[in-house]
Amino acid sequence: MSVAVIGALAVFVLVSAVWVVTLHNLFRAALSLGLVLLGVAALFIALEAEFLAFVQILVYVGAILTLVIFAIMLTARLQTDPSVSAGRQRLPAAVASLALFGLLAAGTSGLVIDRAPPPPAPRLDALGQRLVKEFVLPFEVVSLILVGAVVGAIAVAAPRSKRPAP
Amino acid sequence: MTATSLTLLLSHALFCLGVYGLLTRRHAIGLLLSIELILNAAALNFVLFGRAFGTVDGQAVALFIIALAACEAVVGLAVILSLYRTAKIVLADQATMLRG
C-alpha cells in the first residue's frame, strides 16, 4: 500500500482523534470517535484485513457508538451546565502524553519490520481455522465474558423492582 | 519512511491521544471514549504486526480486542446510567459517596 494513501488516512484519523479528546460538546466528540473508527477500518483494509474492517464497522460504529450516543442523550441535561469545565490539568496532561509519544516513537524507530519479499497476506479461512483450533479457549472465554457483561449490564442498569424489602 | 513505520507512528499517536483524554476529561462518558481510542490503537498495532510477519494471529487477537471493547462499553455505560439515575452525577470526580 502506498505511503500517500496511508498518510492521508493517518491525517484524517489524527484530526478526528484530537477532536475526540478536546471538543467541549460530548455529542460531537462521540461523532468524531465514529470518524476515527471509520478511518481505522479503512487502515485495516489497507493492511489487507478486510474481515476485521467489516467487524470494526459493524461492532464499533454500529453497536458501541450507537450505545454511547444513546447514553450521552440520556444524560444530556447535566453536561450542558456551563459552570462545569470540560477538562482539567490540560498542560501537564499534554506534556505527559507527548513525552509518552516520544518514548514510544524512540523505542520503535530502529525497528526493521518490513521483510525483503513481503509475506503473503493472511487469508480469511486461515483466520477461521485459527479461531476454532488454537484459539478455541480464548474464543469461548470471550463469548462467556460477553454473556456475563450483557447480563451484568442489565442487572446494574435496570430499575429496581417494586417489591418491598424483606 | 515506509507505510509500516507510518502506521506504527499513527497507532502510537492514537494511544497517546487516548491517554491525554483520560487525563483531562471529567465526564465519565468522555473517559469511555478515550478508552475506545486506546483499544483501537492496540488493535491497529496487532493487525499491523500480523500483516508484517505474514501471520493470522494478529487479526485473531484484534478480533478479541473488539469483542472485549464491546463488553467494556456495555458495562461502563450501565454503571454511568445507574450513577446518573441514583445520584444525578455524570462527572467522574463527583462520585465520592463511598469516601470515608
Counted residues, segment A:27-67 - those being more than 14 Å from residue B:62 (Cβ to Cβ) and either touching an Asp or Glu at 6+ places or on another chain (Cβ under 8 Å) or of a type in the set (Asp, Glu) (or both): 2
Among (1) over 28 Å from residue A:98 (Cβ atoms); (2) in contact with a His (Cβ under 7 Å, 6 or more places away or on another chain) - the single one residue B:91 does not satisfy: (1)
Neighbours by Cβ (under 7 Å, 6+ apart or cross-chain): first from segment A:114-130, open to solvent by less than 90 Å² (accessible area, probe 1.4 Å); second among the aromatic types (Phe, Trp, Tyr): A:119/B:53; A:127/A:51
In segment A:86-97, residue modelled with the lowest pLDDT [restricted to those that are closer than 14 Å to residue B:27 by Cα and open to solvent by less than 60 Å² (accessible area, probe 1.4 Å)]: A:86
Segment B:30-53, residues that are modelled with pLDDT of 90 or more, hydrophobic (A, V, I, L, M, F, W, C) and open to solvent by less than 30 Å² (accessible area, probe 1.4 Å): B:32, B:33, B:37, B:41, B:43, B:44, B:47, B:48
Spans of helices (runs of 4 or more DSSP H) in segment A:14-82 with at least 1 residues in contact with a strand residue (DSSP E or B) (Cβ under 7 Å, 6 or more places away or on another chain) and open to solvent by 10 Å² or more (accessible area, probe 1.4 Å): A:76-79
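The values are calculated or read from the model by the stated rules, or taken from the named source; none is laboratory data. Note that the structure is a prediction, hence the values are computed from the model and not measured. Please note: Cβ atoms are built from the backbone with ideal geometry, for glycine as well, and neighbour counts cover all protein chains shown. Just the protein is used for accessible areas: all its heavy atoms, side chains included, with ligands, DNA and RNA removed. Shrake-Rupley method; radii C 1.70, N 1.55, O 1.52, S 1.80 Å.
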